[in-house]
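Visitor: Below: one structure in structure tokens.
The values are calculated or read from the model by the stated rules, or taken from the named source; none is laboratory data. All figures in this text were calculated on a predicted structure; none of them were measured in a lab. As a convention, Cβ positions derive from the backbone with ideal geometry for all residues, glycine included, and neighbour counts pool all protein chains shown. Heads up: the accessible areas ignore ligands, DNA and RNA and are worked out on the full protein's heavy atoms, side chains in. Shrake-Rupley method; radii C 1.70, N 1.55, O 1.52, S 1.80 Å.
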Amino acid sequence: MCPPFIQVLPQPFFLVKINAGETLPEGLVKQPAAPLDDKQFLSITRTKDEVSIVSDFRIDGGSNPSTEWRCMEIPWGLHLAAIMYELGTPLGVQFDIFAISTMDTNFLLVPIEEAEEAIAVLQQSELEWDVQKV
């Protein structure tokens, strides 16, 4: 059996929190369904208390500055939700993690300064993840 496959994306990702009542950065959601080029990632999640924005481009806005993260892409969809559990278990004990899923792909982010150590933890875990840097 092949080990689980993960791609570590080369560009930094940015995580921004916008508190309830604050304005979203201008132009961020003008055309949310428009195609993005190959180098852009954008996820916007809203709850009653906050808006979390994850992107591979710096976003200015809100009272919480953007922080840099490294993104690992796991190309399995929701039918393998246990994959996120398997990834999050060894990492969540030692690192801050931020997970995002789409219907086809899962993404796991760790602070950029801890990325190399997090990758090593995955490679040494029981499942022996095949972690490839893109």
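Visitor: Nearest 0.05, what FRET efficiency do residue 123 and residue 44 give at R0 = 41 Å with Cβ-Cβ as r?
Guide: Details: r = 32 Å, r/R0 = 0.78.
Between residue 123 and residue 44 the formula returns 0.80.
Visitor: May I pose another question? With each pseudo-label sitting 7 Å past Cα toward Cβ, what's the residue 102-residue 133 distance in nm, one decimal?
Guide: 2.5 nm
Visitor: If you rank 26, 116 by how much accessible surface each has, with a 1.4 Å probe, what is the order from largest down? Don't jump to the answer; show the numbers that get you there.
Guide: Numbers: 26 180, 116 115 Å².
Ranking 26, 116 by accessible area, largest first, yields 26, 116.
Visitor: Given a Förster radius of 41 Å and the C-beta distance between residue 60 and residue 93 as r, what FRET efficiency does 1/(1 + (r/R0)^6) yield to the nearest 0.05? Intermediate values should be presented prior to the final figure.
Guide: Numbers: r = 33 Å, r/R0 = 0.81.
It comes out at approximately 0.80.
Visitor: Could you put 54, 93 in order of accessible surface area, largest first, with the 1.4 Å probe and the full protein assembly present? Don't skip to the end; give the middle numbers.
Guide: On the way: 54 0, 93 125 Å².
The ranking, largest first, comes out as 93, 54.
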